[in-house]
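The values are calculated or read from the model by the stated rules, or taken from the named source; none is laboratory data. Please read these numbers as outputs of a predicted model, since none were measured by experiment. Cβ sites come from the backbone with ideal geometry, for glycine too, and all protein chains shown count toward neighbours.
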Amino acid sequence: MGRNKSDMKFTVNAAFFREIKEDHKQLQCLLNRIRQMVEVPLALPNHWKEFIKLLADLRDQLAFHFALEEAYGYFEDAVERAPRFHATAGRLRDQHADIYLLAQQIADNASTLPDTQAEQLANQFIAFDTALKSHESAELRLILDAMQQDVGGGD
């Protein structure tokens with residue numbers, strides 16, 4: 001016996017939501033601090049040790065961020081209720097590894113490059129940041145599309 005549309009609700013576990021919210025806040029704080037630093041690459045050598053630490057912290061926070069999304073089945077409700085989102089959700093989940101590897105490479109480069117390479121490292125971070133913003137935006141679109149379908153807005 002199939003479920004009718006009114007039985008299908010997009011739910012978010014409250015504890016999960018709090019944890020995701022806190023993780024998101026920490027990730028955004030790190031990203032914003034690094035973004036401020038790379039705005040003036042010529043000043044980066046003056047803050048080199050802090051910059052290296054922030055990039056390592058970003059790598060670790062990003063690993064936690066992606067693990068949270070995957071462990072809590074962030075997209076499972078959306079895919080279960082709307083199989084048409086399956087390919088998109090899978091593609092987004094697969095991007096986690098690639099984006100994490102970019103963060104890891106930048107953190108590794110920061111720990112080995114001299115501060116004279118600050119502009120190069122700033123450019124690497126900017127490319128990473130662009131990829132992460134695109135990924136997060138696509139995840140949000142998927143969730144909103146699934147919620148829109150769930151509440152019947154697409155009928």
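Observations
- Contacts under 6 angstrom Cβ, first residue in region 23-42 being over 14 Å from Asp57 (Cα atoms), partner in a helix (DSSP H, G or I), 6 or more apart: Met37/Phe51; Val38/Ala122; Val38/Phe125; Pro41/Ala118; Pro41/Glu119; Pro41/Ala122
- Where helices (runs of 4 or more DSSP H) fall wholly inside region 72-155, the ranges with 1 or more residues that are at pLDDT 85 or above, surrounded by fewer than 19 Cβ atoms within 10 Å (Cβ to Cβ) and touching a helix residue (DSSP H, G or I) at 6+ places or on another chain (Cβ under 8 Å) are 86-112, 118-150.
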